[in-house]
Every structure is written in C-alpha cells, then in structure tokens.
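Please treat every number below as a calculation from the coordinates, not as lab data. Every value quoted in this text rests on a predicted model; they were computed, and no experiment measured them. Quick reminder, even Gly has a Cβ in these numbers, built from the backbone with ideal geometry, and neighbours come from all protein chains shown.
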Amino acid sequence: MHNLNSLDTIAAALAYAMKIDPPEHANTANADFVRYLDESFGDTAADRVFMYNPDAIAEWVYRSYPQFLEEARLRCDLELPLSSVMPSVTPVNFATMYTGAQPVVHGIQKYTKPVLKIDTLFDALIRAGKKVAIIAYAQCSIGKIFLERDADYFIFENIEEVNAKAAEIILRDEHDFIVVYNGNYDSTMHKNGTEAPISLAELKVNSRIFGMFDEMIKTNWKGHNTLIGFAMDHGCHDIDAGCGSHGLDMDEDINIVHFYKTYTAER
Ligand SMILES: [Zn+2]
C-alpha cells in the first residue's frame, strides 16, 4: 500500500516552519509535520532551514537496512512516511517537493529537466526576503529545474565539491534556506543493484555526511531556530542483470520516509 501522505504536503510545511506564505499551487501542509513544528517552535518561526536531499532511498531499503542509515535517523526526531508522485523519477519528485504541486500542475511529467515555470518554494522564500542557497551538481535535477530565480546557485561537477561548499555555506551563516543534493546512492544502485554492498555503502555515506552537516549546524547556528531535513525524492527496486531502477507505480518506488529535526535558538 502507498503511504497516505503525498510528497506534495512538504512545501507548505516548510513554508509554515518559516511562517511565510506557501507557494501558490502547494497542497495543504503535512499535518504531522505541522504538529512537530508547533511543538518545537511554538509561535516563533524557523529562521534557518537546511535540506539534505539524497536520491532514491526507498522506505523498504531503510526498513531492511536501518543500520546503514542509523547516523541520520538517530540525529532526527520526526520520521515522516510519504508517497512519491508518478512517474517516480527525480525531476518530477523534486519539482513536487519544492512546489507542493502534482506533476500535472508543475509540468514535469517525465524524465526531463526544464526550468520550472510555476511558483516554487524558492520564489515564495525570495518574496518573503529570505536568502536561498542551492548546492548541486550540474547534471542533476536540482541543479537545473530551479534555476532563473534570485537565489544563490552553487553548481559543481562532483559530490565532494557540493559537500565542501555546503560546509562553507553553513559556516558562513548567511543563507536562510539551504538545499544540498547528493545522488550517490541512486547512481550506484542503478549500476549494481539496490542491495549490493557497494550500494549500501553509499547509504552509509549519505547518512554520515548528513551527520557531519548536523554537527556543524548544531555548533555554528546556536542563535537560530533551525529545521534540518534528510529528504529523498523517491524509492527504487531491482530489475534484471543486477541493476536497480525506479519510475513505476509500485510501493518499492513510491514509499519513502523523510527525517526532520529542529533546534531552538539559545538566547
Ligand atoms: Zn535514479
């Protein structure tokens, strides 16, 4: 069975965290997420959001191999099961995550990476005077579909450059909303299968890198109300010849679990 709540409930919840208006076409904010934010921040807003976006980590992979994602999971409080949208591929789902809209509304309905024309969370943030940093590789969806906004784009050729820049941006402490894309599990599982040791090793990499960012945020952003997320786009399944894939309307590809955590400012 597909998880009850859609990925399209995240954008409005992220806007709610910062107490800004959601993007124009966003679905209603995720109720469990809102409850968690209320418990954390009360009437105050998050003034920093850090979104770590790994690619293709399925719920079933997390449930089968929790030890490989333990570092990320143990650092977070909120575990949020979600359904990806169809087709369960990267540009379609990150477009939904950051617009709150279904594919028929945001316009990316297959594996293409045009610049989104509709209102995104980044547009909503910029309207509210927030400073946005998008850190990704040149060929990935996040490095393309959100371009042409008044955001700071840090686009690189590889994951080490992306993560080094993310660390620098955290230390600089100038951006209100930061997005970091890491596609290493996706590209490895496509070639080697979803449960191959080399693929599972990449889960551990995602988890540990997230742990490092969390540690940097905890020690360097003490004056901020902060929300951090470990938020993937869709899941995956195995196909012939020991390869992994996704894109279908099956639980393995659709069901995902986001992790979130808040820090309140030390006054
Ligand atoms: Zn993929």
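Scanning the range 238-267 for residues that are within 16 Å of the ligand (Cβ to nearest atom), part of a strand (DSSP E or B), within 20 Å of the chain's Cα centre (by Cα) and of a type outside the set (A, V, I, L, M) gives S245, N255. The set of residues in the range 162-172 being without any contact (Cβ under 8 Å) to a residue 24 or more places away in the chain and not aliphatic (A, V, I, L, M) consists of E168, R172. Pairs are defined by a Cβ separation below 7 Å, a sequence spacing of at least 6 or placement on different chains, a first member in the range 85-97 that is in contact (Cβ under 8 Å) with a residue 60 or more places away in the chain, and a second member that is within 15 Å of the ligand (Cβ to nearest atom) and assigned to a helix (DSSP H, G or I); the pairs so defined are V85/V92; V85/N93; S88/D253; S88/I254.
Could you count how many residues in the range 46-87 are within 16 Å of the ligand (Cβ to nearest atom), outside any strand (DSSP E or B) and crowded, with 23+ Cβ neighbours inside 10 Å? Summing the residues that are within 16 Å of the ligand (Cβ to nearest atom), outside any strand (DSSP E or B) and crowded, with 23+ Cβ neighbours inside 10 Å in the range 46-87 gives 7. Considering the range 219-237, the residues that are within 23 Å of D32 (Cα to Cα) and of a type in the set (G, A, S) include one that is nearest to the ligand (Cβ to nearest atom), namely G235. Please go through the range 188-198 and pick out each residue that is in contact (Cβ under 8 Å) with a residue 40 or more places away in the chain and within 12 Å of the ligand (Cβ to nearest atom). Listed by number, the residues that qualify are M189, H190, K191, T194. A single entry from A128, A101, A133, A151 fulfils the requirement of being under 25 Å from D21 (Cα atoms), surrounded by fewer than 16 Cβ atoms within 10 Å (Cβ to Cβ), small (G, A, S) and touching a residue at least 24 places away in the same chain (Cβ under 8 Å): A128.
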